Structure formats: C-alpha cells, structure tokens
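Structure record follows, encoded as structure tokens.
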Amino acid sequence: MKQLKERILSDGKCFPGGILKVDNFINHQMDPCLMREMAKELAKRFEDHSINKVITIEASGIAPAIMVGDYLNVPVLFAKKKSPSTMENMLVTEVFSFTKNRTYSVCVSGDYLTREDRVLFIDDFLANGNAALGILDLVEQAGARLEGMGFLIEKGFQSGGAELRGRGIHIESLAIIESLDDCVIKLR
Ligand code: 5GP
C-alpha cells in the first residue's frame with residue numbers, strides 16, 4: 001500500500017537487531033487517517049471471506065483491528081496478556097515476544113471465541129509469526145475457524161510469512177520490509 005510504504009520510508013526508524021520503529025504513526029502516536037485507510041484496504045482484501053469476528057493481541061494490534069472490525073461490521077476480540085481473575089471459560093496459550101525477548105501467556109474467554117466463529121487475525125507487525133501462531137492455537141482450542149491474517153507491516157526477512165503461508169493461511173500484508181541491514185529500510 002503506497003501511502004504506508006511512503007510513511008515508513010519518511011518516518012520509520014531502524015533499531016539494532018532488525019527492529020523497525022514506527023512510533024510516530026502506528027505504535028505510540030497514531031495517525032487515524034492512515035489507520036483508517038489501512039483498515040479499509042485490509043477489509044477489502046478479505047471481503048470474499050465470511051468473517052464474523054476480528055481477533056488481535058493487546059496492545060498494538062487493537063487500533064488496526066478495531067478499525068477493520070468497523071469496516072467489516074463485526075465484533076473485535078483482543079487476547080489479553082494478563083489473565084483477569086473474573087474471566088470465565090478461559091482459553092490460554094504461550095507466545096514468545098520478538099521485541100521483548102520473553103514468553104508470555106495470552107488468554108481469551110471462550111464465551112467470545114466459539115465454534116461458530118470465522119475469524120480474521122489483525123496485527124501491526126508480522127515478524128517470526130509467534131503472535132499469529134498463538135492466536136491460531138486459541139482459535140483451534142475454541143473450535144473456531146481461521147479465515148485469514150492481515151498485517152500492516154511484514155518483515156519479509158523473518159520467518160513468519162513463509163511459515164504461515166506454508167500452512168495454507170491467507171496472509172495479507174500492506175507493506176513488506178525486504179531488509180533493515182545496516183539500518184537502511186528496504187521495501188519489497
Ligand atoms: P512475531 O510474533 O511475528 O514474531 O512478532 C510480531 C509482534 O512483535 C507484533 O505484534 C509486534 O508488536 C512486535 N514486533 C515484531 N517486530 C517488530 C518491529 O520491528 N517493530 C515493532 N514496532 N514491533 C515489532
């Protein structure tokens with residue numbers, strides 16, 4: 001998506017270890033106009049699927065997910081990183097965080113993810129695919145069906161894209177980073 005690619009090149013910053021910082025329009029300060037356009041594009045790319053729920057993981061997936069949910073006119077469920085003592089019928093999985101270099105549990109209530117659900121996973125980044133695989137596990141535990149996964153930015157030099165596409169999952173990414181070598185942002 002042209003608008004996003006231009007914004008990554010103008011405002012994105014590289015950090016050692018292959019981290020792309022997009023804090024001034026996605027991950028800290030957010031640009032709602034760009035977010036709306038990105039959500040519209042993702043919703044369009046999945047319009048042939050019959051999706052009845054969008055799912056994401058807190059915190060950075062929530063903003064794009066809620067806008068995609070708005071376009072698709074379906075509820076948006078976010079997996080929580082802390083399990084509330086009040087959560088009923090809890091489904092739990094483990095996710096390794098690429099940016100924080102640690103494993104954490106995420107949970108959703110089985111009251112909101114059921115075998116009736118055909119879900120679209122939305123997240124800001126696809127790197128090694130750990131968050132995506134955690135969500136897939138929750139979807140399978142619930143007996144729901146995964147219709148696809150949409151990302152704002154895919155890091156094409158990490159393994160997640162190939163792993164998920166290899167499983168036959170419909171993956172859409174609005175911008176793919178070819179490399180961040182020498183802290184230069186190269187787009188595919
Ligand atoms: P994965 O689970 O695919 O390995 O990593 C995806 C998650 O890690 C995303 O939810 C995102 O929050 C975070 N992440 C991975 N790589 C980057 C990056 O280069 N920049 C930022 N801002 N977040 C990233």
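Numbers at a glance
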| read-out | value |
| --- | --- |
| First in the range 121-139 and farther than 17 Å from Ile177 by Cβ, second anywhere and within 11 Å of the ligand (Cβ to nearest atom) and open to solvent by 30 Å² or more (accessible area, probe 1.4 Å), Cβ under 8 Å, 6 or more apart | Asn130/Phe96; Asn130/Phe98; Leu133/Glu163 |
| Failed item in (1) under 26 Å from Leu91 (Cβ atoms); (2) surrounded by fewer than 17 Cβ atoms within 10 Å (Cβ to Cβ); (3) not charged (D, E, K, R), with Gln29 passing the rest | (1) |
| Residue check for Ile66: assigned to a strand (DSSP E or B), closer than 27 Å to Cys107 by Cβ, within 16 Å of the ligand (Cβ to nearest atom) and of a type in the set (A, V, I, L, M, F, W, C) | no |
| Selected residue (criterion: nearest to Val139 (Cα to Cα)) from residues of the range 10-63 that are assigned to a loop (DSSP other than H, G, I, E, B) and of a type in the set (Val, Ile, Thr) | Ile51 |
| Number of the exception - Val92 against (1) within 16 Å of the ligand (Cβ to nearest atom); (2) in a strand (DSSP E or B); (3) modelled with pLDDT of 95 or more | (1) |
| Checking Ala132 against (1) open to solvent by 70 Å² or more (accessible area, probe 1.4 Å); (2) under 23 Å from Phe15 (Cβ atoms); (3) modelled with pLDDT of 95 or more, the condition it does not meet | (1) |
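The values are calculated or read from the model by the stated rules, or taken from the named source; none is laboratory data. A quick note: this is a predicted structure, and the numbers were derived from the prediction, not measured. Cβ: placed from backbone, ideal geometry, glycine included. Neighbour counts: every protein chain shown. For the accessible areas, the whole protein counts, side chains as well, though only heavy atoms, and no ligand, DNA or RNA atoms are used. Shrake-Rupley method; radii C 1.70, N 1.55, O 1.52, S 1.80 Å.
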